[in-house]
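The values are calculated or read from the model by the stated rules, or taken from the named source; none is laboratory data. Predicted, not measured: the structure shown is a model, and the values here were computed from it. Positions of Cβ are backbone-derived with ideal geometry, glycine not excepted, and every protein chain shown enters the neighbour counts. Heads up: the accessible areas ignore ligands, DNA and RNA and are worked out on the full protein's heavy atoms, side chains in. Shrake-Rupley method; radii C 1.70, N 1.55, O 1.52, S 1.80 Å.
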Number of protein chains: 2
Amino acid sequence: MTNLNNQHIAPIVGSTCKVLSPATVANVVCGFDILGFALNEPNDIITLSISNGPGVTIINADDFNLPTKAEDNVSGAALIALLEETPDVQGFTLISEKTIKPGSGIGSSAASAAGVVVAANHLLGNRFSKADLVRFAMFGEKVASGVKHADNIAPCIYGGVTLIRSIYPLDIVSLQAPLLHVTVVHPQIEVRTADARQILRQKVLLKDAIKQWGNIAGLVAGLLQGDYDLIGRSLEDVIIEPVRSILIPGFDEVKKRCKEAGALGGGISGSGPSIFMLSKDAATAAAVEKEMAAVFTRIGIAYHTHLTTINSEGAKVVPL
Amino acid sequence: MTNLNNQHIAPIVGSTCKVLSPATVANVVCGFDILGFALNEPNDIITLSISNGPGVTIINADDFNLPTKAEDNVSGAALIALLEETPDVQGFTLISEKTIKPGSGIGSSAASAAGVVVAANHLLGNRFSKADLVRFAMFGEKVASGVKHADNIAPCIYGGVTLIRSIYPLDIVSLQAPLLHVTVVHPQIEVRTADARQILRQKVLLKDAIKQWGNIAGLVAGLLQGDYDLIGRSLEDVIIEPVRSILIPGFDEVKKRCKEAGALGGGISGSGPSIFMLSKDAATAAAVEKEMAAVFTRIGIAYHTHLTTINSEGAKVVPL
């Protein structure tokens with residue numbers, strides 16, 4: 001649907017579209033800062049219209065009380081970045097209905113930032129490339145966490161599993177993956193992305209780094225070769241998880257029980273507190289969900305679970 | 001040809017075979033300690049016979065004056081390890097004709113260690129798996145460098161490009177690669193593997209490690225997807241090369257000129273001093289060879305070059 005001739009469709013004030021923007025899992029155990037994948041559920045619902053502006057008007061259609069001043073809002077910041085390269089449009093009006101809880105660790109801010117630029121691009125005749133959209137959406141991530149990272153944004157826009165080989169220059173590679181069932185548990189505790197970054201050590205042992213790059217190489221090979229066992233063996237993180245998992249009560253027990261229930265492996269989603277597990281089949285993924293629920297019930301922490309698969313399309317336009 | 005029933009063929013004293021055992025490139029820029037590939041040239045020629053023993057008798061058919069006491073010899077140590085699991089054989093006699101210069105950085109010791117165990121396995125009816133052969137051959141690497149590394153051994157035995165995801169437990173993954181032309185230059189200077197290891201820092205910056213695992217993930221994806229541009233973009237090493245390249249006069253100039261001549265990229269082969277470059281086609285690989293030659297001629301260091309391709313078979317039995 002990309003407008004390959006790059007002929008700009010004249011934007012019409014009042015034209016509106018609706019986008020489903022998915023949750024995403026970033027880091028993916030051994031892929032800290034470079035790997036992510038999109039989920040089929042949950043999704044945010046974004047309704048965007050071209051307005052006379054100037055700038056971005058934000059209406060929240062949920063109970064999260066997110067900022068409505070565009071500069072302070074993840075979606076707003078992404079749209080402002082896009083508007084700077086869109087001289088023929090004065091502004092947008094956004095109705096944001098989030099179902100992905102902010103702070104859950106499954107890419108809530110990325111879904112907002114990526115979803116609005118996908119919607120805007122649709123209204124503008126798809127004049128921008130996906131790489132451009134990632135670039136705009138990263139301004140939203142900067143509002144959310146202070147860092148322009150792309151490991152949630154990229155899978156949200158490209159769908160599937162994405163490798164961000166490099167941020168500067170931006171180099172995104174889509175990785176074909178076999179069918180994978182994903183179970184996510186979101187324990188209702190707060191882990192701030194900024195805190196989760198701050199506790200990481202600035203230096204790591206070379207021998208640990210070697211283990212980590214052996215595992216990420218194995219994970220990429222496992223995904224591309226459809227080798228589930230290799231995927232499972234490679235889902236090991238000797239650098240980030242040992243530090244960050246301390247912030248998530250029950251983490252070790254969840255991981256152990258889920259693997260015993262047949263999960264290929266998994267770990268912290270993004271910077272947490274959500275934990276994800278990958279399974280080869282739906283029955284295992286459901287068994288994994290029960291283990292997750294049992295642990296947090298025992299500990300006495302409220303939680304949500306999601307039982308889903310990898311979303312191959314990313315944020316997509318749906319009928320109004 | 002593996003004997004799947006694991007029925008041992010009775011070894012016959014005096015039975016002999018000949019194996020061509022190839023040079024290999026380990027580390028492969030961003031794949032320090034985990035990646036390697038085999039070359040179609042040069043090869044060592046190994047002639048192995050089952051003997052009445054006891055132990056391993058070594059005859060050198062070249063001018064390298066390598067130790068002939070089995071325990072001190074790379075091939076001998078590998079064969080001793082194999083003999084410990086071969087109660088029905090008393091010993092071997094090896095005639096070793098090396099063309100891969102020891103200390104060149106293109107897996108001379110691995111060719112010796114891997115070649116002899118491939119030959120022995122052939123004489124024993126292929127009773128051992130390739131993973132077993134890697135395990136035996138690593139004893140040879142330990143004699144050579146003090147470390148049981150497998151990043152030359154594995155490609156020498158499996159052929160093609162191999163990922164060593166883990167050494168303990170041993171986990172080797174063959175990676176299907178597109179046609180790649182390899183140019184190698186061996187400047188006649190000495191870089192001892194042990195020295196090249198010692199100058200590495202024990203700790204690295206997390207941000208550098210992240211770059212490195214982004215690149216190794218990109219390189220694996222580029223190989224498996226046959227994406228030459230991605231292979232080229234991923235051939236970047238921010239951790240090992242900046243330290244080790246200091247030991248190789250002319251390194252930066254070689255790299256710059258080869259890339260300008262069209263090479264996809266490359267770097268230090270193993271721990272050096274050889275430098276390898278990958279190219280998409282034979283003409284570029286030949287142009288790259290000229291650049292390498294020009295640099296070392298100008299500096300006044302004697303050199304050898306090899307113009308070859310990736311060897312997909314590994315060490316192989318050839319007619320006597």
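Determine by what factor the alpha-carbon radius of gyration of region B:63-221 differs from 2.2 N^0.38 Å, reporting the quotient.
Values: Rg = 17.1 Å, N = 159, 2.2 N^0.38 = 15.1 Å.
Relative to the 2.2 N^0.38 Å estimate, region B:63-221 comes out at 1.13.
Max-minus-min Cα coordinates of region A:175-320 on each principal axis give 47, 41, 38 Å, with the largest extent listed first. Measuring nothing but how far apart in sequence close Cα pairs (under 8 Å, 6+ apart) lie, relative to its length, chain B scores a relative contact order of 24 percent. Could you state the angle between the C-alpha long axis of helix B:251-260 and the longest principal axis of the C-alpha atoms of chain B, as a value from 0 to 90 degrees rounded to the nearest 10? Rounded to the nearest ten degrees, it is 70.
Against the criterion of solvent-accessible heavy-atom surface with a 1.4 angstrom probe, A:Tyr303, B:Tyr168 sort, most first, into B:Tyr168, A:Tyr303. Taking the longest Cα principal axis of chain B as reference, the axis of helix B:130-145 is set at about 70 degrees. In units of the compact-protein estimate 2.2 N^0.38 Å, region B:200-283 shows a Cα radius of gyration of 1.12. Just to be sure I understand: of the beta bridges DSSP finds with both ends in chain A, what percent are antiparallel, rounded to 5? So the antiparallel bridges in chain A amount to around 90 percent. P(r) tail, chain A: Cα-Cα pairs separated by more than 28 Å, 37% of all pairs. Accessible surface for B:Glu190 stands near 150 Å², nearest 10, in the context of the full protein assembly shown (1.4 Å probe). The A:Thr309 and B:Val318 beta-carbon pair, evaluated with R₀ = 56 Å, returns a calculated FRET efficiency of approximately 0.65. For B:Asp171, the residues 5 or more places off, or on other chains, whose built amide H falls under 5 Å of its own are B:Arg165, B:Ser166.
With label points set 7 Å from Cα along Cα→Cβ, the inter-copy distances at B:Glu313 are 5.0 nm, sorted shortest first.
Taking the convex hull of the alpha carbon positions in region A:248-320 and averaging its projected area over all directions gives 6.2 nm². At the listed q of 0.06, 0.07, 0.11 Å⁻¹, the Debye profile of the protein assembly as shown, built from one uniform point per Cα, gives log10 I(q)/I(0) equal to -0.39, -0.51, -1.04. Count the lysine pairs in region A:181-309 whose Cα atoms lie under 29 Å apart, taking only pairs 8 or more positions apart in sequence or on different chains. Total qualifying Lys-Lys pairs in region A:181-309 comes to 17.
Give me the one-decimal Kirkwood hydrodynamic radius in Å for region A:1-144, with the sum taken over alpha-carbon pairs. Spell out each step's value before the answer.
Numbers: mean 1/r = 0.0661 Å⁻¹.
For region A:1-144, the Kirkwood estimate is 15.1 Å.
Counting only aspartates and glutamates at least 8 places from A:Lys98 when in the same chain, those with an alpha carbon closer than 14 Å to its own are A:Glu41, A:Asp44, A:Asp62, A:Asp63.
Remark on A:Val56: its backbone amide H falls under 5 Å from those of A:Phe92, a criterion applied only to residues 5 or more positions apart or on other chains, H modelled at 1.01 Å from N.
Computed 3J(HN,Hα) for region A:36-50, one whole-Hz value per residue from the Karplus formula 6.51 cos²θ - 1.76 cosθ + 1.60 where θ = phi - 60°, is x, 9, 8, 10, 6, 8, x, 10, 8, 10, 10, 10, 10, 10, 6, glycine and proline marked x.
Under Stokes-Einstein, with the Kirkwood radius over Cα pairs as Rh, the value for region B:180-227 at 20 °C and 1.002 mPa s is 153 µm²/s. Annotation: per residue accessible area for the protein assembly as shown equals 39 Å², rounded to a whole number [probe 1.4 Å, protein chains only]. Amide H to amide H distances under 5 Å link A:Leu180 with A:Ile310, where only residues 5 or more positions off or on other chains count and H is placed in the peptide plane.
In degrees between 0 and 90, to the nearest 10, how far off the longest principal axis of chain A does helix A:74-83 point, with axes built from Cα atoms? Its long axis makes an angle of about 50 degrees.
Relative to its residue count, region B:5-66 spans a Cα convex hull of 184 Å³ per residue.
Can you give the average number of partner chain beta-carbon atoms within 10 Å of each beta-carbon in peptide A:200-209, as a whole number? Present the calculation step by step, with values, prior to reporting the outcome.
Details: counts 1, 3, 4, 9, 7, 5, 10, 3, 3, 12.
Neighbouring Cβ atoms belonging to other protein chains average 6 per residue here.
Each residue of region B:290-303 was assigned a 3J(HN,Hα) from its phi angle through the Karplus curve 6.51 cos²θ - 1.76 cosθ + 1.60 (θ = phi - 60°); the sequence is 4, 5, 4, 4, 4, 5, 6, 5, 4, 5, x, 10, 4, 8 Hz, with glycine and proline shown as x.
In nanometres and ascending order, the distances from the A:Asn65 label point to those of the other copies are 8.3 (point 7 Å from Cα along Cα→Cβ).
Extending 7 Å from Cα along the Cβ direction at B:Glu190 and again at A:Glu253 yields two label points whose distance is 6.1 nm. Per the accessible-area calculation with a 1.4 Å probe, the total area buried between chain A and chain B rounds to 2800 Å². Across the identical copies, the label point of A:Ile12 (7 Å from Cα in the Cβ direction) is separated from its matches by 8.7 nm, in order from shortest.
Between B:Gln202 and B:Asp281, the simple spin-label model (points 7 angstrom out along Cα→Cβ) gives 5.1 nm. Taking region B:68-96 and a reference point 7 angstrom along Cα→Cβ of B:Thr57, the backbone N atoms nearer than 15 Å belong to B:68-70, B:90-96.
Candidate cross-link partners of B:Lys142 among the aspartates and glutamates, defined by an alpha-carbon separation under 13 Å and a same-chain spacing of 8 or more, comprise B:Glu71, B:Asp72, B:Asp151. Here the Karplus relation 6.51 cos²θ - 1.76 cosθ + 1.60, evaluated at θ = phi - 60°, turns the backbone of region A:156-167 into coupling constants of 5, 8, 8, x, x, 9, 10, 9, 9, 4, 8, 8 Hz, with x for every Gly and Pro.
Each label was represented as a point 7 Å from its Cα along the Cα-to-Cβ direction; for A:Ala131 and A:Ile12 these points are 3.3 nm apart. Computed from the Kirkwood radius of its Cα pairs, the Stokes-Einstein diffusion coefficient for region B:85-159 at 10 °C and 1.306 mPa s stands at 125 µm²/s. The heavy atoms of B:Phe37 offer some 0 square angstrom of accessible surface to a 1.4 angstrom probe.
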